[in-house]
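What follows is one structure encoded as structure tokens, with my remarks underneath.
The values are calculated or read from the model by the stated rules, or taken from the named source; none is laboratory data. Keep in mind that what you see is a predicted model, and the values were worked out from it rather than measured. Cβ atoms come from the backbone with ideal geometry, glycine included; neighbour counts cover every protein chain shown.
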Amino acid sequence: MTRLIFLGPPGAGKGTQAHTLAEHLHIPHISTGDILRQAMKEQTPLGIKAQSYVDSGELVPDQLVQELVQERLGQPDAKSGWILDGFPRKVTQAVFLEELLETIHQSGERVVNLDAPDDVVVARLLARGRKDDSEEVIRRRLEVYRSETEPLIDYYRDRQKLLTVNGNQSQEEVTTELQKVIAF
Ligand code: AMP
């Protein structure tokens with residue numbers, strides 16, 4: 001049973017790696033960013049509430065993302081495992097997730113920290129050209145990452161759930177290293 005959480009700054013390659021690995025393992029790739037962008041596109045109540053936060057690089061309020069993760073992990077395909085990409089993004093969300101997984105009998109998750117230096121991730125994000133990838137918003141997302149999300153590295157290391165992969169190498173090299181670390 002593979003249950004993985006992908007951590008790492010925006011632009012470290014989390015989305016690509018999570019997608020590839022999930023496909024390989026035939027488990028769902030659950031990206032809160034993708035779900036929020038889709039909701040924004042469809043202008044659902046969730047999308048309307050999330051819009052201003054996503055557009056400015058701020059974190060969407062916990063309750064919104066927590067509800068969507070709870071709902072998603074309750075779906076039948078999540079019973080065979082999952083990769084969470086972009087959640088949790090702060091300690092309060094990690095505490096919520098830990099309790100949720102216990103309640104729904106899906107504990108045993110491991111955390112992959114895919115790290116890369118700021119200059120590398122900024123260059124990659126600028127090249128990607130998504131709507132929330134303007135230089136100002138990128139800078140803000142990195143700040144939010146360093147202050148809110150990075151503390152999760154220690155949080156999961158203390159719980160002996162942390163695996164680390166160097167995101168500052170080619171996509172193929174990252175995939176290879178990733179497959180090695182999760183095999184243990
Ligand atoms: P991502 O695609 O993971 O980079 O997420 C894009 C944006 O969606 C972020 O900049 C946040 O505004 C929002 N978002 C995604 N996941 C979360 C989360 N777990 N908590 C709060 N906001 C989130």
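Taken over the stretch 76-100, the criterion of being more than 15 Å from the ligand (Cβ to nearest atom) and either without any contact (Cβ under 8 Å) to a residue 12 or more places away in the chain or of a type in the set (D, E, K, R) (or both) is satisfied by Pro76, Asp77, Lys79, Glu99. Taking the listed residues Arg159, Arg140, Arg146, the one that is touching a Pro at 6+ places or on another chain (Cβ under 9 Å) and not aromatic (Phe, Trp, Tyr) is Arg146, with no other qualifying. Of the residues in the stretch 45-61, not one is more than 8 Å from the ligand (Cβ to nearest atom), part of a loop (DSSP other than H, G, I, E, B) and modelled with pLDDT of 95 or more. Looking only at the stretch 80-115, residues that are over 19 Å from Asp158 (Cβ atoms) and among the small types (Gly, Ala, Ser) come to 3 in all. Residues in the stretch 14-33 that are more than 13 Å from the ligand (Cβ to nearest atom) and not in a helix (DSSP H, G or I) were compared, and the one that is surrounded by the fewest Cβ atoms within 10 Å (Cβ to Cβ) is His26.
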